[in-house]
Amino acid sequence: MASDRVSRGTLVDRASLCSAAPTLIRGADARLRWYQSDFHMIAPVLVRLLGEFPALILTVAGDFDLGQFPEFTEFADRVEKRPFVDWRRLPAEIARVDINLIPLVINPFTEAKSDLKYYESALVEVPSVASPTVVYQSCIEPGSNGFLARTSDDWYAALRDLIVESELRRRMGKRAYQHAIAHYAPLVIASHALAVYRSALQDQRRRLRVDGNEPTVTVLLAVLKRAIRDRMPALTLCNALSEAGYPVTLQIPSDARGFSAKEARSAISDQLGYEPPYGVQVGSEIACRDLLLATDFTTAFKAHSFRHRTRWAAYLVSEYEPALLNLCREPRLGDTQLPVRPGFTRTRPSRRALPVASWRPGRQAPAHLARGCAARG
């Protein structure tokens with residue numbers, strides 16, 4: 001995976017760099033002014049350690065004003081300032097040091113911060129010492145893949161151990177790397193995100209009283225009055241899909257009369273002689289669906305513009321009369337599919353009706369959803 005390749009490439013450089021280099025400590029990136037107050041918290045500890053270890057170097061990155069810390073004046077030759085770098089060079093910058101510092105004054109603002117500083121360093125096997133915010137408590141196991149430090153004594157003890165024991169730094173950095181790859185790699189994050197999105201969709205379906213995992217369908221209809229008058233197959237299709245157990249919404253994007261969904265439903269009821277078993281909606285906003293089906297050129301453009309909200313967008317050409325269709329073959333609504341635009345399909349219906357029963361999510365055959373729709377009459 002990409003993160004593994006980037007960190008591994010940087011680790012090769014780090015091995016040659018650190019073999020002869022003194023121990024380095026990287027300060028928190030001072031990208032904004034409030035980082036200065038975070039650094040104030042550990043400044044006395046760092047001054048003490050610089051006094052104890054003559055080979056120790058403190059590295060601070062970003063727009064950091066050391067003028068606010070006169071106590072470091074006597075160690076000016078061992079305080080290294082590094083400029084901002086392009087994000088693609090950041091792993092190499094972090095790999096220059098041996099210990100990563102994440103000091104934070106704990107308050108509601110810092111509790112809202114992510115664990116970015118931890119896994120940036122972990123990916124190049126640099127162990128971190130961090131303030132114990134909730135997020136850092138969740139990712140750092142003290143003594144294993146890093147240290148958590150709340151008080152000045154905690155900071156001193158953790159940093160001194162890492163400065164003195166190079167093997168501890170190596171082991172801790174290795175565990176941090178393994179933890180980062182296992183929990184922060186793009187593939188892992190994607191799987192978590194997918195699970196969250198699926199959970200959100202399932203929750204929405206429960207709210208809509210949609211049972212099971214049946215695919216949802218929205219049929220777009222430009223003019224309801226004409227559809228009723230001409231006995232358009234779109235209404236037959238909605239009825240057949242609903243009777244087969246699929247959640248269907250008949251949506252009228254806009255109408256010059258400006259009638260409501262209640263009035264539209266009433267008009268369909270008058271035509272059918274009973275309440276339609278599917279939902280009726282009036283409005284231009286189209287919700288996410290598994291299948292979005294247009295029924296004329298007007299709604300085809302509408303479906304195309306909302307194709308990012310559906311698994312499959314299709315165009316039902318109700319005027320198509322397949323007179324030459326081989327009737328010995330199984331008739332299907334999507335017998336022929338013609339590309340209209342990238343990611344969009346026009347579907348020619350057959351004349352015969354078949355039950356809707358076989359489509360399941362993941363099958364690339366929206367035509368199966370539409371079985372049960374007769375062309376005219």
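The figures follow:
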{"item": "Qualifying positions in region 254-266 - at pLDDT 85 or above and not in a helix (DSSP H, G or I)", "result": "S260"}
{"item": "Qualifying residue in region 151-164 (condition: of a type outside the set (S, T, Y) and part of a loop (DSSP other than H, G, I, E, B))", "result": "no"}
{"item": "Among (1) in contact with a helix residue (DSSP H, G or I) (Cβ under 8 Å, 6 or more places away or on another chain); (2) of a type in the set (A, V, I, L, M); (3) not in a loop (DSSP other than H, G, I, E, B), the one test that A300 misses", "result": "(1)"}
{"item": "Within region 184-200, tally of residues that are touching a residue at least 60 places away in the same chain (Cβ under 8 Å) and farther than 22 Å from I140 by Cβ", "result": "1"}
{"item": "Per-region count, region 174-203, residues touching a strand residue (DSSP E or B) at 6+ places or on another chain (Cβ under 9 Å) and among the small types (G, A, S)", "result": "1"}
{"item": "Within region 74-129, tally of residues that are in contact with a Cys (Cβ under 9 Å, 6 or more places away or on another chain) and either among the small types (G, A, S) or outside the structural domain of A55 (by TED's automatic domain parsing) (or both)", "result": "2"}
{"item": "Some residue of region 220-236 being in the same structural domain as T299 (by TED's automatic domain parsing), in contact with a strand residue (DSSP E or B) (Cβ under 7 Å, 6 or more places away or on another chain) and assigned to a strand (DSSP E or B)", "result": "yes"}
{"item": "Subset tally (residues that are within 21 Å of I94 (Cβ to Cβ) and either in contact with a Gly (Cβ under 8 Å, 6 or more places away or on another chain) or polar (S, T, N, Q) (or both)) for region 140-166", "result": "4"}
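This table checks each residue for (1) touching a Leu at 6+ places or on another chain (Cβ under 9 Å); (2) in a helix (DSSP H, G or I); (3) at pLDDT below 90.
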| residue | (1), (2), (3) |
| --- | --- |
| A20 | no, no, yes |
| I25 | yes, no, yes |
| A30 | no, no, yes |
| Q36 | no, yes, yes |
| A43 | no, yes, no |
| L50 | yes, yes, no |
| D63 | yes, no, yes |
| E80 | yes, no, yes |
| V85 | no, no, yes |
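The values are calculated or read from the model by the stated rules, or taken from the named source; none is laboratory data. All figures in this text were calculated on a predicted structure; none of them were measured in a lab. Heads up, the Cβs are rebuilt from the backbone with ideal geometry, glycines too, and the neighbour counts pull from every protein chain shown.
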